[in-house]
Amino acid sequence: METVTTSEGPDLIRFEEVSKVYPLPAGDVVALDRVSLTVRNGEFIAIMGPSGSGKTTLLNLIGCLDVPTSGRLMISGRDVAELSDDELTYLRRDTIGFIFQQFNLIPLLSVLENVEYPLILKCKDRSACGLRPNEVLKAAGLDDERLYTNRPNELSGGQQQRVAIARALVNDPDLLLCDEPTGNLDQRTGQGIMELLSRMNREGKTIIMVTHDLGIAEYASRQVRIVDGRIQEDSG
């Protein structure tokens with residue numbers, strides 16, 4: 001297994017005393033409690049911790065799917081609390097790629113159409129996509145173009161995850177957010193996916209990955225452990 005090491009680069013993400021509190025009738029739930037964390041360009045970080053520790057909340061905040069209750073979250077030098085809904089949408093579209101445990105491919109679309117979709121949202125015209133979807137599918141290890149007309153349910157789990165990775169890469173984001181990317185895969189297939197993500201990191205992508213698997217976490221150059229909404233350990 002190859003452990004990725006990267007040179008230190010400028011800050012991409014900065015949490016400054018960030019808290020996230022969900023008000024409920026039975027009492028407030030503190031998902032994150034005054035978290036401070038800096039992510040530099042080119043890092044590969046594994047976020048670990050028990051269920052309910054705040055890992056997914058942290059990922060949702062970085063992905064601009066949620067906003068902090070208090071504190072300051074900076075992404076690419078911009079305070080997310082000061083961005084409009086449209087600006088947050090553009091930030092997600094152009095800067096962040098999402099890779100999920102459940103793949104989240106659109107079942108009615110073909111492989112190629114699933115990968116084209118984010119690019120069409122950006123370019124507004126399918127003809128403007130060019131060969132970019134084919135290129136990222138090949139970069140993600142799906143070389144057989146005969147599969148590109150298949151629907152997701154006609155692919156293996158590993159193939160579906162490679163399509164999902166290609167979809168995440170098609171707009172050339174700076175950051176990949178991975179939520180248990182090997183959770184639904186067998187060990188051998190999962191290893192192939194992690195080797196692919198490691199290559200993407202060596203090519204310059206910043207990767208933040210949530211995982212429960214210590215073996216998978218070893219692919220990262222930095223490990224951050226969260227317990228009860230607070231950072232307990234940070235190898236960086």
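All of the numbers you see were taken from the coordinates with simple rules; none came from a lab. Fair warning: this is a prediction, and the values are worked out from it, not measured in the lab. Every residue, glycine as well, gets a Cβ built from its backbone with ideal geometry; the counts of neighbours run over all protein chains shown.
Taking only DSSP H segments of four or more residues, each worth -39500 (n - 2.57), what value at 222 nm results for the chain once the sum is divided by all its residues, to the nearest 500 deg cm²/dmol? Here the helix-only value at 222 nm equals -9000 deg cm²/dmol. Output the antiparallel fraction of DSSP beta bridges having both residues in the chain, as a percent to the nearest 5. Taking every DSSP beta bridge with both residues in the chain, the antiparallel ones total about 50 percent. Among LYS122, LYS20, a tally of other beta-carbon atoms within 10 Å of each Cβ gives an order, fewest to most, of LYS122, LYS20. In this simple spin-label approximation, GLU233 and ASP33 carry label points 7 Å from Cα along the Cα→Cβ vector, and these lie 1.9 nm apart.
Compared with the direct C-alpha span, the chain from SER76 to ILE120 gains 13.4 nm at full extension, assuming 0.36 nm per residue. Extension gain, ASN184 to ASP172: 0.36 nm times the residue separation minus the Cα-Cα distance gives 1.8 nm.
Ranking PRO133, LEU88, VAL67 by Cα position along the charge dipole of the range 11-234, where only Lys, Arg, Asp and Glu carry charges on their C-beta atoms, puts PRO133 farthest toward the positive end. Note on the range 88-236: Cα-Cα pairs beyond 21 Å make up 44% of the total pair count. Mind checking the dipole of the range 29-125: about its Cα centre, +1 per Lys or Arg Cβ, -1 per Asp or Glu Cβ, Debye to the nearest 20? Around 300 debye, computed over the range 29-125.
The protection proxy used here, the mean number of other Cβ atoms lying within 10 Å of each residue, ranks peptides 214-223, 157-166 as follows, highest first: 157-166, 214-223.
Once the C-beta distance of GLU203 and ASP144 is scaled by a Förster radius of 22 Å, the resulting FRET efficiency is 0.45 to the nearest 0.05.
Placing unit charges on C-beta atoms (Lys and Arg positive, Asp and Glu negative, everything else neutral), compute the dipole magnitude of the range 11-234 about its Cα centre in debye, rounded to 20. Roughly 260 debye for the range 11-234.
Since only GLY204, SER156, SER36 are under comparison, the one whose Cα sits farthest along the positive direction of the charge dipole of the range 11-234, derived from C-beta charges on Lys, Arg, Asp and Glu, is SER156.
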